[in-house]
Every structure is written in C-alpha cells, then in structure tokens.
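Input: a single structure, listed below in structure tokens.
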Amino acid sequence: MTYDFSGACPACGTGGRQTSPVFFNGEQLSQLEGHRAGATYFFHLLVDEGIAADLERIGARGLSLRGVYAVMPDKRQVKLRWKQMCADKTLLPMSPKTTGLIRDRACEMCGRNGYFQTSKQPTRIVYRASDLRDVDDVNMTWENLGFAILEPDLRDSLLSYPWMLVTPKVRRVFRDAGVTSFDWYPIRVEDGGA
C-alpha cells in the first residue's frame with residue numbers, strides 16, 4: 001500500500017494517509033467467506049458491496065470507500081467485491097477520563113501511538129462535548145493502537161492504526177446487516193472543558 005506522510009510524524013509515521021487501495025494476502029480470502037464485514041490484521045475495515053451501498057445511501061459523512069485487492073501466491077492482484085472503509089477526519093485527543101487503555105512504547109516525538117487495551121479495566125472512551133462539535137458520521141481517533149517503526153522502505157515498516165468511531169446511524173447499517181464480529185463501545189461525552 002502507499003501512503004502520504006506529508007502531515008505525519010517524521011519519527012513513526014503516525015498520521016500518514018493511505019493513498020492506495022488495500023492489498024492483503026490472497027491465501028486469507030477464506031476469512032472473508034460468509035461474512036459481510038471484517039478487518040485485516042492491521043484493522044483496515046472491510047465491508048461487502050451491500051453494506052458499502054447502504055453506507056452511501058444513508059449519506060454517511062466523512063466516509064471514503066477504497067478498493068480491496070487480494071495478492072495471490074503468483075503475485076496477481078485480484079480486485080474483490082469488497083470496499084475498505086476510511087475516515088476523512090481525525091478527532092482531537094480523548095478525554096483523560098477514558099479508561100481501559102495502557103501506554104507502551106509510545107513515540108517520543110508525537111505521543112500518538114503506543115495505546116493498547118487492557119483487561120484490567122473496561123474500555124470507556126470519553127470525549128469532551130466541545131471536541132465533538134464538528135464530528136462526522138465516520139471518524140478516526142487521534143490515538144493509535146500499537147507501536148510504530150518507520151523504515152526508509154515502507155515494506156519494512158510497522159505502522160500503528162487508529163480506532164474508527166461512528167455515529168449510531170452508521171452502526172445501525174452494520175446491525176441491520178447482521179454483523180456481529182466487531183466490538184462496539186459507546187462514546188461517553190462530558191460537558192464543559194474540564
């Protein structure tokens with residue numbers, strides 16, 4: 001895959017924007033069979049054509065849909081009847097009242113990655129109301145899961161990835177399609193700037 005790193009952290013690549021379709025191992029195609037939605041190993045969210053059409057029909061703001069290709073053992077690239085969900089907007093950082101996340105190996109320059117969920121506390125994502133004023137229906141978190149290693153050759157790099165946060169109208173599309181494979185966390189909103 002290709003990325004635009006012009007607005008990304010120069011140390012870890014967090015904040016880089018994907019500029020190509022998503023490619024994944026064709027030997028893993030069976031993992032999509034019988035599902036309407038799924039995710040790659042690095043949490044690129046994939047939906048079938050029906051869900052993609054429903055998301056477009058409801059006018060989900062902030063959503064971009066990209067092509068999905070399987071790279072076969074003989075190196076052929078086969079376009080699939082799936083779409084990758086991408087968010088156009090990155091939200092401001094979560095409130096410090098968010099629980100269930102720990103930090104490990106965060107980038108010393110940007111501090112955006114190195115977030116991991118912990119089983120010691122339930123995950124409760126909290127935002128300040130003022131930070132959600134211009135929210136779209138599909139958004140990315142400022143915080144990125146995992147750690148990142150940016151190498152000169154992108155194929156040798158490990159990039160962290162944000163959570164995708166959606167409004168209830170987008171979640172309803174998945175619920176109505178019978179998708180049960182994702183974890184859905186309600187977003188708690190606190191009043192004021194404190």
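Read-outs throughout are calculated quantities, based only on the coordinates presented, and are distinct from any laboratory measurement. Predicted model only: the values in this text are computed from it and were never measured. Backbone-built Cβ (ideal geometry, glycine too); neighbour counts: all protein chains shown.
Among Thr123, Ile58, Leu101, whose Cα projects farthest towards the positive end of the dipole of segment 54-132, with charges put on the beta-carbon of Lys, Arg (+1) and Asp, Glu (-1)?
Ile58
Among all the lysines, which ones have a C-alpha under 20 Å from Lys120's C-alpha, if same-chain residues fewer than 8 places away are not counted?
Counting by Cα, and skipping residues close in sequence, Lys120 has these lysines nearby: Lys97.
For the chain, what is the mean residue ellipticity at 222 nm derived from helices alone (per DSSP H run of n ≥ 4: -39500 (n - 2.57); sum divided by total residues; nearest 500 deg cm²/dmol)?
For the chain, the value works out to -2500 deg cm²/dmol.
Taking the chain as a Gaussian network, Cα atoms linked when under 10 Å apart, which of Gly16, Gly100, Gly38 shows the biggest mean-square fluctuation?
Of Gly16, Gly100, Gly38, the Gaussian network model singles out Gly100 as fluctuating most.
HN-Hα J couplings of segment 18-24 from phi, Karplus 6.51/-1.76/1.60, θ = phi - 60°, integer Hz, Gly and Pro as x?
5, 10, 10, x, 8, 10, 9
Going by Cα centres, segment 8-76 and segment 117-194 are how many Å apart?
16 Å
Name the residue, out of Pro21, Pro162, Pro122, whose mean-square fluctuation peaks in a Gaussian network model built on the chain with Cα pairs under 10 Å.
In the Gaussian network model the winner is Pro122.
Can you tell me which of Leu154, Leu101, Leu91 moves the most in a GNM of the chain? Springs connect C-alpha atoms under 10 Å apart.
Fluctuation is largest for Leu154.
What translational D, rounded to a whole number of µm²/s, comes out for segment 46-131 from Stokes-Einstein when the hydrodynamic radius is the Kirkwood one over Cα pairs, at 10 °C and 1.306 mPa s?
Estimated diffusion coefficient is 97 µm²/s.
Going through segment 1-59, which GluC sites (Glu not before Pro) have at most 13 other Cβ atoms within 10 Å and a DSSP loop state?
Sites meeting the loop and neighbour criteria: Glu33.
Find the Cα radius of gyration of the chain, compare it with 2.2 N^0.38 Å by division, and give the number to two decimals.
My calculation over the Cα atoms of the chain gives 1.05.
Relative contact order (percent) for the chain, with alpha-carbon contacts under 8 angstrom and 6 or more residues of separation?
Relative contact order for the chain comes out at 21 percent.
How far is it, in nm, from the label point at Gln31 to the one at Gln18 when both lie 7 Å from their Cα along the line to the Cβ?
The two pseudo-label positions are separated by 1.3 nm.
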